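See structure below.
Rule-based calculations on the coordinates, nothing more; no lab input. Everything numeric here is computed off the predicted structure, so don't read it as measured data. Ideal geometry is used to build each Cβ from the backbone, glycine not excepted, and the neighbour counts take in all protein chains shown.
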C-alpha cells in the first residue's frame, strides 16, 4: 500500500511555528510534524531540513536514532505494549506474543489493511499497573493475554462491519 | 494575575490565597497521577465535583485533582484534609455514599479503607498505613495536597519562599548552602550537586545554561514523572534558584515524550510562574532574569547521559562524547552547562528553605536527604516511596512493600534500573544509599526498585536487560554495540537450552571487556545485571546449561505444559482458548496437550479455573 | 600551554587539548586503531587504541584517540589488560568484517585468528565496522551525503531516506578512508558507480580519459576558486603538455 | 632557508634509461610497481645527439594548486626539504591530482591516496641512482 500524498500546506504551517535555521529545534519540529501527520513522510522531512538549514542526511540520521519517530505510515489504531521491567516480570512478553499471533504481524509493524499498528515501548512509568497495554492512548492495566486477545478481536469485528 | 514585585508582596499574596480557601481547610484530594487516572480517577473527580455542587458543599470542601500519592496499587486514591483520611480503590459509584456518610455525617465508609491483606487491620489515616508509615516524604509531601495546575496551591503551602530567600542570600551563599547540604545528584551517578554548580559558576563565560534532565528512561522507574506531574513548581523553583546561584539566564527541561501529562503540567507551571513574575525578567524585583524552555525527548535511553542529552538538545543524534571536558565547563552550544535531574532540582527549594543543617540531619554519612523509589514488580504494595537514605532494603520491601504477593518466596530485588544489579535475599539488610549499593555490585541509579519472586528467572531477567540496552546503545563503541548484542545472543542460547559451560565463560569474558572499554556509563554499567546475577544466582545459569532446566519455569524452550488428569474437570475452556488447537479431550473428561503443537503461550494455565495445568 | 607526561616511562611533551594518540604516534609509539583519522574529529568508536592511563590516584583504560592529554599522567600502551581487551574488541569486529585483510592481520597480532561470533544480525554493508570514517570524511568535505542510520545493534551507514543522494559528488573519499575497504566504487565508461547511483564523468579534453565526476567538478569550481581549465585534463595529458612546454624552454 | 636536498634536473644529460623511475618505485612501494613512481621520463623529440628526454616530477610549487584545493590541509610543506608532502590527514578526495597543472600528481584509487614526489626526506633516491648525473642533489 502506497502512502497517501502529503499536504505540504500542513507541513509548512507546522514549520512556521518554529524559527528557521535553528538546529536545536530539530527534535521539537519532528515531534510537531508527527503529531500533525501521524508519521514523518519523506517530503515533510525534506522541508524540515531546508527550514532548519540542516543537511537531509543529518535529519534522517537524527530521525532514525530516536525511537519516538515513525518514518512509515501508522495504522488507524495504535496498540502499545509496555516492555518496562515491572511489566516484563509480570508477563509483558506474553502479551506481545499474543498480539503478534492474533494480528499476524510483528511488533513495530502495521496490519496490511492499515487498521492497527502494534508497538512496544520501554516503560511509560505506570509500573504499578503492569503489565500495561495502551490502546489508542487509553491505559489498560493488569492486562492478560486472554483479555488482550479479546480487545484486538473487538477491533477486528468493528472493522468488518 | 498580577506580577508579584518582591518578597514582601509574595508573602502578602500567600496570605490572600490562604484566605480564599475554606476556613475549615477541608479538602478532598483525588489522585490524578497516571496510575490512578488509568483506574478512572478523572471520572471520579468529575463525580465529586457534580455531587459537591448538587449538595451545595462546594464552598465547604475544596476539591483538588492532585499529583500521584504514590500508593498506585490501590488507586484511585482519595485523601481528605485536614485529618488525612484515605479512601482507596474508589469508584464514581461510591461518591454519593461518601457525600452522605463522610462529608455530611462525618462517618467513615469502612469498605473504602485500606485493609492490610496479611493482618486484616483497617486503617483510617493515610499516615498510619504501613506503606506510608515508614516513609519520609519530603519531595513528595505536597504531591497529595496540591493541584499541580494551580500555582496558588503551591504558593499557599510556602512555595517560592525558598526562591525569595535565595535572592536575598545572593548566589555565593546559595552555592555554599547547597554544597554544605551535600546534595548528591539523584539521576544515577550521585555526583555532589554543589560541586557541579560551583564548577559551572566558576567557568568564565558570557553565557551559562542549566538543564533539568527529565528523560527518565529507566524501565520500572517513574519518580520523576510523578514529581513533574504532581508538583511541577517545586522543580521549577529549584531550577530558578539554581540558575540564580550559577549565573545562568536560560534553562531547559528535557522531558520524555512518553510523559504527555508531565509536559502539559510543566507548560502550565511555566506560564503561571511567568505571569506572576517568578520567571522571566526581573524575578521578584531582584533584577535577575531567567527563563525556561521545554524540549521533548525523542525516545532514547542514552539521552539520560548528560553529553548525549546535550547532543540531542542541539538537534543531533544522542551520542555521548568523552568527558572531560564536562558540561559544567563546556556543555550546551559549548557554554558551561549544569545538568541535574528532576528529583535533584526538587530537593533544592527544601535545602534553601530549611537549611543545609536540616537536610544533613537526614540520611547517612555519605548520602544525605531522602530518595524516591518506584517499588514495583512482585510486591504487594507497588508505588512510589520516599525514604531517608540508609534505610535497609528489607524495610522497603517488607514493611513498605508489604512483602511478596500470593505467598511466594522473595528471590531478588533489582535496583538502579537496567544498569543496576540484582541483589538476593541475603543482601536485604544492605543500607540503601549511593555507596552501599555500589559496593554490593548494584547501584542507586535513578531509583527503580524491582522485586522478583521465585517465579522470576534470573537468566531471563539478565537477558531482558541486556536486550534493552543493546537496543538503547547509541551504537558508537564496538564493545557496547557488538558486545551487548553478542552477550544477548549468549544469554538467548542459555535460555533456549543451547548453552554450555563455555557459553557462561565467554559471557563473563565479554562482560569484562564491555565494562572496561566502553565510552559512557551506559556501556560500562550495562553488564551489571549479568555480573550480579552470575555472582548471586550462578546456580540458575548452571541449571540452564547443565540440566537444561529453568528453575523458575520461565524459559519456554526448557518447560512444557501438561494437564493434571486428577484436577481436570473437562470443562473444555482451555481447549477453546488454545490458539494452536493443541488441547484435546472429551467434555467432562480429562484433557491432554499435544506437545508438538503447543507453543507454550500459557493461556490454558491462565484460564483454567481448577489449577489443572502444570508447568514442568 | 604545554603538557608534560610519560608514555611507557618516557618523557613527552604536548600542547594542551591535544589527543593522546596523536602525541604518542608523533613520538613513535605504536598504538593500533581503526576509526582514527588525523583530519577528522575523533569519536572513539573502535576501542582498539586503548591504553592504560594513571593520574591523580586514578588508573583506567581509555581510548587514546579522544583522550585530551593531562599534565603529569602516566600512560602505558601495552599492559596485559590493554592487550586482552583489544583482542576481545578485535574479535567482535572480526565477526563484522571477516573479509578485511587489514583487520585480520591486526587481530592475528593479538592472537585472534578466528572469531567465536557469527555475523551480526544487522549489517547491510558487508565488512563495515561502523567506524564512521566515511561519514566524517563526507561531512568534512561539506557534502553531507552519508549519515549514521538507526542506533544500537541496528546502527548502520546510509544515505538520507535510503535513496541516492543529490549531495553525493561521487568523490569516493568515503571509500578512500575506509579501513576495511568495504565501500564499493566502480568506474566504467558510463561513469562512477557508488552509493546506488552512477555519476557522469568529466572526460579529458585531449584523450577522453576520466578526470573526475561532473558533480565533484562543479562543486570544486564553486568552492576552490581555481580557473575551470584546471579541471579539464587527465594527469597523463597534462604531463605530456607540460613536458613539451619545458622542452621548448630547455632546448 | 637552509634546505637540504634540492633536486636539480639536467635534461640534457638524461638518456631515458628510466633507472630513476625504478629506484623511486622501489623506494615507495613494495615490489617496485612502476605505476607508483613519482618521477616519469617523457620523450621530448629528437635532438642533434639522438632522442631527447625530460624528467618530470613535482616542482614543489611555491603557490601550489594542490595545496590550495585540499579540503583538509593534508598537503604540507616540509620546511627542511621544501617538499610538499601528503600527510596522514589526507582523506583521498583526489582533487589535488586533478588540479596539478603539470600532471605531477597521480591519484591511486587502490591506495585511496595521491602519489607525489616527497624528495625522499632530503635525499632523493632517483638522483642517487641516476647513472648519468642527470639528477643532482645540491
The Cα extents of segment B:454-524 along the principal axes, largest first and rounded to whole Å, are 33, 24, 16
Between residue C:251 and residue C:83, Cβ-based FRET efficiency (R0 51 Å, step 0.05) works out to 0.25
One finds, for residue B:606 and residue B:548 with R0 = 25 angstrom and r their Cβ-Cβ distance, a FRET efficiency to the nearest 0.05 of 0.45
Averaged over the residues of B:298-307, the number of partner chain Cβ atoms within 10 Å of each residue's own Cβ comes to 4
Going fewest to most other Cβ atoms within 10 Å around each Cβ, B:460, C:22 line up as C:22, B:460
Residue separation between residue C:59 and residue C:1 times 0.36 nm, minus their alpha-carbon distance, gives in nm 18.5 nm
In whole angstrom, the spacing between the Cα centers of segment C:191-215 and segment B:517-537 equals 51 Å
Rh_Kirkwood(segment A:44-161) over Cα pairs, Å, one decimal, evaluates to 15.5 Å
Taking only the alpha-carbon atoms of segment B:152-280, the convex hull volume per residue, in cubic angstrom, is 117 Å³
Within 10 Å of the Cβ of an average residue in A:135-144, the count of other chain Cβ atoms is 2
So for segment B:222-339, using the alpha carbon gyration tensor with a ≥ b ≥ c as root eigenvalues (a/c under 1.5 gives rounded; past that, a/b versus b/c decides prolate or oblate), I'd call it oblate
Residues A:117, B:337 in order from fewest to most other beta-carbon atoms within 10 Å are A:117, B:337
When B:605, B:201 are ranked with the fewest other C-beta atoms within 10 Å first, the list becomes B:605, B:201
Kirkwood Rh over alpha-carbon pairs of segment C:123-198 plugged into Stokes-Einstein at 10 °C, 1.306 mPa s gives a D in µm²/s of 126 µm²/s
Here the Kirkwood hydrodynamic radius of segment B:370-453, Cα-based and in Å, equals 12.2 Å
One finds the C-alpha centres of segment C:1-40 and segment B:173-228 to be spaced, in Å, by 34 Å
Per the rule of 0.36 nm per residue minus the C-alpha distance, extending residue C:189 to residue C:122 adds in nm 20.7 nm
Rounded to two decimals, the Rg over Rh value of segment A:4-91 from Cα coordinates and the Kirkwood Rh reads 1.06
Here the Kirkwood hydrodynamic radius of segment B:560-615, Cα-based and in Å, equals 10.7 Å
In whole angstrom, the spacing between the Cα centers of segment A:71-149 and segment B:555-586 equals 25 Å
Simple spin-label estimate for residue B:93/residue D:63, 7 Å along Cα→Cβ, in nm, reads 9.4 nm
The Rg/Rh figure for chain B, Cα atoms and Kirkwood Rh, to two decimals is 1.01
With label points set 7 Å from each Cα along the Cα-to-Cβ direction at residue C:9 and residue C:222, the distance between them in nm comes to 5.8 nm
Per principal axis, largest first, the Cα atoms of chain C extend in Å by 67, 51, 31
The helix B:7-20 Cα axis meets the longest alpha-carbon principal axis of chain B at an angle in degrees, between 0 and 90 and rounded to 10, of 60 degrees
Computed on Cα atoms, the radius of gyration and Dmax of the protein assembly as shown in angstrom are 34.6, 131
Label model pair residue D:49, residue B:395: point-to-point distance (7 angstrom along the Cα→beta-carbon line) in nm is 10.5 nm
Per-residue ellipticity at 222 nm attributable to helices in the protein assembly as shown (runs of n ≥ 4 DSSP H, -39500 (n - 2.57) apiece, nearest 500 deg cm²/dmol) works out to -10000 deg cm²/dmol
To the nearest 10 degrees, the tilt of helix B:260-275 (Cα long axis) against the first principal axis of the alpha carbons of chain B is 0 degrees
Honestly chain D on the Cα gyration tensor test (a ≥ b ≥ c root eigenvalues; a/c under 1.5 rounded, otherwise a/b vs b/c for prolate or oblate) is just prolate
Whole-percent tail of the Cα-Cα distance distribution for segment D:1-70, cut at 13 Å, equals 71 percent
Each residue of B:214-223 has, on average, a number of other protein chain C-beta atoms within 10 Å of its C-beta equal to 5
For chain A, longest principal axis from Cα atoms; helix A:92-103 axis from its Cα atoms; angle between them, nearest 10 degrees, is 80 degrees
